[in-house]
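Report on the following structure.
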Amino acid sequence: MKISLSTKQIPQVACDLAIIFVGENWQKEVSFLGKEITSLLLEVARNENFIGKENQSLSLNLYNFPTKKLLFYAIDEDIKNIHNLQETLAKTIKTAEKNSRKKIALLPYFKWSQKLPSEVLAHAISKTFFLSTYRFNKYQSKTPLPKPKIEELIVLTTPAKLSAFETGINLGKIYAEGTNFARNLVNEPASITTPSHLAKTALSLAENKLVKVTVLEKEEMAKLGMNCVLGVAQGSDHPPKFIRLAYKPPSVRTKIVLIGKGITFDTGGLSLKPSASMETMKIDMAAAAAILGVFSKLAQLKPKIEVIGLITACENMPSGKALHPGDILQALNGKTIEVLNTDAEGRLTLADVLSYAVLKEKPAYIIDLATLTGACMKALGRDIAGLFTNNPSFAQKVKQAADNQGELLWELPLAKQYQEEIKSSIADLRNIGKTSYAGAITAALFLEEFVGGIPWVHLDIAGPAYKEKETALNPAGATGFGVCLLLHLLNLLENK
Ligand code: BES
Ligand code: ZN
Ligand code: ZN
């Protein structure tokens, strides 16, 4: 599958199908096609009741032109944000896919070009193309829809915009590849994506000189004092791994640490989850996969910022060796934690990694991503990540990056009055709140205990990491949420 650019116009561009977006004034907007084609179009539109209503589409076969067929796709003219634009593009690409055409041209809607810089527009088109055509069907002996895939997408532009489009198209493709890399890892069953598999995957990214990867084994983790990770891992037959990825280009001033929760399967441990809640728990390493997705693209993108990726990969299982509710663990920064619920394991592992980031890496910024709480899904639904921060100006950058990439998030408060909820009577902290209220907030307050005042953002991605039902942009399964926003964030923080 490839994407290319052309400055040829419809119907002169050689392709099987050309997508033309239209708004309410569609009759006027298509006049560039010339009298012959428009009069034919008006007739077909009348027969098919095409009135340019949002999501309506109309196709028209052409004869004796290099463009073989036209697909008119009616849209809401007012693109509200990049998320909205990506959804529209994805729906159209799906419609084109159903047409079983191989070589497709796409003419961006003229109002998009007025509203968005060319590079941003081209980035969104290219990224959406590679995200919406992603499939994970390696385990299906017969693919449900064996239709030929689109082989080439030709994006139409003008000579003046060609170079900006080229930059955007290339970047969009790289961002989508990073996202699809993460999706592949998350979609694999937990029997494949064990802690050692994640470690091997990370090591395979170190081929390039700019990216260095180290993996620490259980014994070395114990020496560091990662007792919480070891506690969570102790019920599993798979030993935990501590993965550190480092990207350092020459002459950089800023350093950021990216942390991803890497529970390769979350049964809940002895506080066992009910079967239905466990069904999808292979996704509990989606944040770790997002960090790996980011690192898979750094050598290509070469942002001017030092980036450290930290993942503690382990499995949360019940067994004779597992943590008991009531056990007390001491995190790497010395704080003690009463483990009242072994299913609140993500925050335990993050306690050690955040402490490690603060004490050993001393970065300017820390951002952690985690499929942390069902409570965050209750609050914000399946599509929106929760954002928590101790630093509004850093959070502003994260929000800007997310907006620019069409990834949805919403800030929730680190409400100090709920700190009482996580105070233990026999240790420094308890790993669950005393009540079941504000579970996403009490989890974030718990994490804050380990960030030592460094500018920090926590994203609870339990909702958007996974789609139960397919959408135009995403087949059912992993979304790769976070890869694009992180890559964009690195760009915004360059040499700041
Ligand atoms: N991995 C889960 C959170 C989760 C739930 C992710 C649904 C994706 C979808 C996490 O480890 C967990 O089990 N959290 C508990 C915390 C509770 C015990 C305080 C939860 O949310 O129920
Ligand atoms: Zn859990
Ligand atoms: Zn979990």
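Brief remarks follow.
- Degrees, to the nearest 10: 118-132 long Cα axis against longest axis of the chain: 70
- FRET E, pair Ala364, Lys302, Förster distance 25 Å, beta-carbon r, rounded to 0.05: 0.85
- Cα-based equivalent ellipsoid, region 144-280: semi-axes from gyration tensor eigenvalues, Å: 37, 25, 12
- Rounded tilt (10° steps) of 483-493 against the dominant C-alpha axis of the chain: 80
- For region 66-80, the Karplus equation 6.51 cos²θ - 1.76 cosθ + 1.60, evaluated at θ = phi - 60°, returns couplings of x, 7, 8, 8, 10, 10, 8, 10, 7, 10, 6, 4, 8, 6, 7 Hz by residue, with Gly and Pro reported as x.
- Ranking Gly178, Ala299, Pro464 by Cα position along the charge dipole of the chain, where only Lys, Arg, Asp and Glu carry charges on their C-beta atoms, puts Ala299 farthest toward the positive end.
- Ranking of Val44, Val457, Val22 by count of other Cβ atoms within 10 Å, fewest first: Val44, Val22, Val457
- R0 of 22 Å, Cβ-Cβ distance Thr38-Thr158: FRET efficiency to nearest 0.05: 0.55
- Residues Lys138, Lys297 in ascending order of nearby Cβ atoms (within 10 Å, fewest first): Lys138, Lys297.
- Gyration tensor verdict on region 209-342 (Cα atoms; rounded if a/c is under 1.5, prolate if a/b is larger than b/c, oblate otherwise): prolate
- Each 20 Å bin from zero up to the one holding the largest Cα-Cα distance in the chain carries the following percent of pairs: 23, 50, 23, 4, 0.
- Put in order of Cβ neighbour count within 10 Å, fewest first, the listed residues Lys360, Lys127 become Lys360, Lys127.
- Amide H to amide H, with H built 1.01 Å from N, Ser424 comes under 5 Å of Leu429, Arg430, counting only residues 5 or more places away or on other chains.
- Ser191 paired with Lys321, simple spin-label distance in nm, labels 7 Å along Cα-to-beta-carbon: 2.1
- Taking Cβ atoms as reference points and 15 Å as the exclusive limit, the residues near Phe21 contribute a net charge of -1, counting Lys and Arg as +1 and Asp and Glu as -1.
- Highest average packing first - 363-375, 93-105, Cβ atoms within 10 Å: 363-375, 93-105
- q = 0.12, 0.19 Å⁻¹, region 18-88: log10 I(q)/I(0) [Debye, one scatterer per Cα]: -0.32, -0.76
- Dipole magnitude of the chain, debye to nearest 20 (Cβ charges: Lys/Arg +1, Asp/Glu -1, about Cα centre): 1280
- The loop-placed GluC sites (Glu not before Pro) in region 216-248, going by DSSP, that have at most 14 neighbouring Cβ atoms within 10 Å of their Cβ come out as Glu217.
- Extension gain, Asn491 to Glu420, is 21.8 nm, computed as 0.36 nm per intervening residue step minus the present C-alpha separation.
- Straightening the chain between Lys248 and Glu217 buys 8.8 nm, computed as 0.36 nm per residue apart minus the Cα-Cα spacing.
- Of Lys2/Lys200; Lys241/Lys416; Lys115/Lys212; Lys103/Lys399; Lys69/Lys161; Lys173/Lys397, pairs whose Cα-Cα distance is over 31 Å: Lys241/Lys416; Lys115/Lys212; Lys103/Lys399
- For the chain, the longest principal axis of the C-alpha atoms and the axis of helix 439-448 are separated by about 70°.
- Distance-filtered residues of region 1-31 - backbone nitrogen under 13 Å, label point 7 angstrom along Phe110 Cα→Cβ: 21-31
- Cα shape, region 452-496, gyration tensor, a/c 1.5 rule: oblate
Each value in this text was obtained by applying a stated rule to the coordinates, not by laboratory testing. Quick caveat, the model's predicted, so the values are computed rather than measured. Here the Cβ is made from the backbone with ideal geometry for all residues, glycine too, and neighbour counts use every protein chain on show.
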